[in-house]
Amino acid sequence: MRKTIFSIAMVFASIATYAQNWTPVGENIRSEWAEQVDPTNPLPAYPRPQMVRADWMNLNGLWNYAITEASSEEFKADGQILVPFALESSLSGVGKRITKNDALWYEREFTIPKKWKGRNILLHFGAVDWQAEVYVNGSLVGGHKGGFDPFSFDITSYLNKSGKQILTVKVQDATDNSFQPRGKQCFINRGIWYTPVSGIWQTVWLEPVAPAHIENYYIVSDIDKGTMTIEVDARTAEGDVVKVAVLEGGQGYSAENPSSKIIAEARVLDGKAEIKLDNAKTWSPDSPYLYGVRLTVTRDGKVMDTVEGYTAMRKISIVKDKSVNAYHRMALNNEPLFHFGPLDQGWWPDGLYTAPTDEALKFDVVKTKELGFNMIRKHIKVEPARWYYWCDVYGLMVWQDMPCIADHSKKQFPARDKAVVEVSDAKWSRDSFLGGTYCDIPLDWKSNFYREWTNIINAFKNFQCIVVWVPFNESWGQFDTPAVVKMTRELDP
């Protein structure tokens, strides 16, 4: 069991005192939204717009933090850090770095509302870079490896019967001194290589659910047949009834204020349901129509769980154009459509991976659309769910990259071990059709790549804006291409 050196009374001051002690650090430029960051309630928007429940608790705010040796099992607080901004960022209020030999600790208190009594409590992390161990009241709840995908734990059995609860997170992050997916993060940041992002960088939150509840769902639309096929993962008992309803939506759909008009509904049997839509409206950059989705679990006539979400009717395919040569073209809803947009790297001068506010996150999407683009390639980074939500709402197609596990250079960066440098080199021509040589990636890191890529696709494939998956960027860390392509297509056909 992990121990803390300091007393609880010394660690936890009032929120007001914490807020007075927080200020952005460093001399980097800041976005116009930096002044809007509220340290008592940063990024308060609901973090999972495709699965909205009425009850939840945001755990963002000022936490205690410490940096120790990686092997340490105890720590003494060094100060406060503003979650969910990464350790190295200005908005974290810390602006420090860690190496693979360090551990970054987080800790805070929370109290479970009395009205949640009798329900299971889920603890959600939007993203933590890279390896996390999570403790509740001193007991290890579980761990996670992967800096870009959401994860959660049922912490019900770890909670005290009443009063204060203590949440502790231990993080390790080697950045580019390993083969973990890290995109453009580099400990020696210069040129096109950017500041590392370590620790919690997306919203942390709690959610109460009934023992019988929806865990996830996945919708595939067929505009040719006018149908939606819904796969539902639900934790249920014999006799429980799971239903899915499609609701009237529109352009500018709001997941927080869904429609109440049901267009069609069906019972989920063996984890699947199919719904027929008459005169279905399709989603496109010119007309981003979204349908509301409501999933329910009922037991003996009583509703145990309700989830509000949304989806769209849209088709991505390859068609032959009407030219003499019958060129193959990318098509949206059976019509050729030229994809036109920027390579969006998703970095903020003040928050690094994390936008200062939800308005800032939305601004990039809106401005891209106003500039006349119809797509964005999200470059070797994965965004919070709300970014894809805004792309769905405003009608921007997304090419989603997998964050790379290496770069294009065998140059010995001072912070990298020789063993990492030796296997990171891939020799490809500018025209990859001429071939090249793969990186000599060790088997365990290949396995990790497959695992993280699987988790990323499964976590985000429900967002209708994503129309292209990009497993490798410019051959950086590239290996086993046919196998990776096959896996990607199977995960999201």
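The values are calculated or read from the model by the stated rules, or taken from the named source; none is laboratory data. Only a predicted model underlies this, so the values are computations on that prediction, with no experimental measurement involved. Positions of Cβ are generated from backbone atoms using ideal geometry, with glycine treated the same way; all protein chains shown enter the neighbour counts. With ligands, DNA and RNA removed, areas are computed over all heavy atoms of the protein, side chains included. Shrake-Rupley method; radii C 1.70, N 1.55, O 1.52, S 1.80 Å.
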Determine whether the range 323-340 contains at least one residue that is under 26 Å from the mean Cα position of the chain (by Cα), at pLDDT 95 or above, under 30 Å from ALA245 (Cα atoms) and surrounded by fewer than 16 Cβ atoms within 10 Å (Cβ to Cβ). no
So, first residue over 17 Å from PRO211 (Cα atoms) in the range 109-122, second residue outside any strand (DSSP E or B) and modelled with pLDDT under 95, Cβ within less than 6 Å, six or more apart or across chains; the pairs are GLU109/PHE12
Say whether the condition of being farther than 19 Å from ARG451 by Cβ and open to solvent by less than 30 Å² (accessible area, probe 1.4 Å) is met by at least one residue in the range 145-154. no
Could you name every one of the strands (runs of 3 or more DSSP E) located completely within the range 122-193 that has at least 3 residues being among the hydrophobic types (A, V, I, L, M, F, W, C)? 131-136, 164-172
Complete set of residues in the range 343-382 that are more than 19 Å from the chain's Cα centre (by Cα), under 19 Å from ARG30 (Cα atoms), not acidic (Asp, Glu) and not in a helix (DSSP H, G or I): PRO349
With the structure loaded, tell me whether GLU215 is open to solvent by 20 Å² or more (accessible area, probe 1.4 Å), closer than 30 Å to PRO356 by Cα, free of Cβ contacts under 8 Å to residues at least 60 places away in the same chain and outside any loop (DSSP other than H, G, I, E, B) or whether it fails that test. yes
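Rundown of residues vs (1) loosely packed, with under 12 Cβ neighbours inside 10 Å; (2) over 16 Å from PRO181 (Cα atoms); (3) of a type in the set (Asp, Glu); (4) within 17 Å of the chain's Cα centre (by Cα), yes/no style:
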residue: ASP417; (1), (2), (3), (4): no, yes, yes, no
residue: VAL420; (1), (2), (3), (4): no, no, no, no
residue: ASP425; (1), (2), (3), (4): no, no, yes, no
residue: LEU443; (1), (2), (3), (4): yes, no, no, no
residue: ILE456; (1), (2), (3), (4): no, no, no, yes
residue: PRO482; (1), (2), (3), (4): yes, yes, no, no
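Is the range 246-253 home to any residue that is farther than 18 Å from PHE85 by Cα, of a type in the set (A, V, I, L, M) and open to solvent by 10 Å² or more (accessible area, probe 1.4 Å)?
For the range 246-253, residues farther than 18 Å from PHE85 by Cα, of a type in the set (A, V, I, L, M) and open to solvent by 10 Å² or more (accessible area, probe 1.4 Å): absent.
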Looking at (1) touching a Lys or Arg at 6+ places or on another chain (Cβ under 7 Å); (2) not in a strand (DSSP E or B), which one does PHE340 not meet, given that it meets all the others? (1)
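Every residue in the range 100-121 that is in a loop (DSSP other than H, G, I, E, B) and over 18 Å from GLU74 (Cα atoms), please.
Listed by number, the residues that qualify are ILE112, PRO113, LYS117, GLY118, ARG119.
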Restricting to the range 415-474, give me the number of residues that are in contact (Cβ under 8 Å) with a residue 24 or more places away in the chain and outside any loop (DSSP other than H, G, I, E, B). 24
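Just the residues that are of a type in the set (S, T, N, Q) and open to solvent by 20 Å² or more (accessible area, probe 1.4 Å), please, taken from the range 64-85.
Matches in the range 64-85: THR68, SER71, SER72, GLN80.
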Condition (residue is on the phi < 0 side of the Ramachandran plot, assigned to a loop (DSSP other than H, G, I, E, B) and open to solvent by 70 Å² or more (accessible area, probe 1.4 Å)) applied to the range 300-313: is it met by at least one residue? no
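Could you identify the single residue in ARG190, ARG182 that is surrounded by fewer than 19 Cβ atoms within 10 Å (Cβ to Cβ) and either under 20 Å from CYS404 (Cβ atoms) or at pLDDT 95 or above (or both)?
Step by step, each of ARG190, ARG182 is checked, and only ARG190 is surrounded by fewer than 19 Cβ atoms within 10 Å (Cβ to Cβ) and either under 20 Å from CYS404 (Cβ atoms) or at pLDDT 95 or above (or both).
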With respect to GLU265, determine if the residue is surrounded by fewer than 15 Cβ atoms within 10 Å (Cβ to Cβ) and touching a Ser or Thr at 6+ places or on another chain (Cβ under 7 Å). no
Out of the residues in the range 104-141 meeting the condition of being of a type in the set (Gly, Ala, Ser) and more than 10 Å from VAL169 (Cα to Cα), tell me which one is surrounded by the most Cβ atoms within 10 Å (Cβ to Cβ). ALA127
So VAL398, is it within 30 Å of GLY250 (Cα to Cα), in contact with a His (Cβ under 9 Å, 6 or more places away or on another chain) and not polar (S, T, N, Q): no
Residues in the range 226-255 that are at pLDDT 95 or above, of a type in the set (S, T, N, Q) and in contact with a Pro (Cβ under 8 Å, 6 or more places away or on another chain) total 0
Any hit, the range 389-406, residues being in contact with a helix residue (DSSP H, G or I) (Cβ under 9 Å, 6 or more places away or on another chain), of a type in the set (D, E, K, R) and either in a helix (DSSP H, G or I) or free of Cβ contacts under 8 Å to residues at least 60 places away in the same chain (or both): no
Quick check on ASP278: is it of a type outside the set (Gly, Ala, Ser), surrounded by fewer than 16 Cβ atoms within 10 Å (Cβ to Cβ) and out of contact with any helix residue (DSSP H, G or I) (no Cβ under 7 Å at 6 or more places or on another chain)? yes
Going by what's in this entry, would ALA406 be described as at pLDDT below 95, under 23 Å from the mean Cα position of the chain (by Cα) and small (Gly, Ala, Ser)? yes
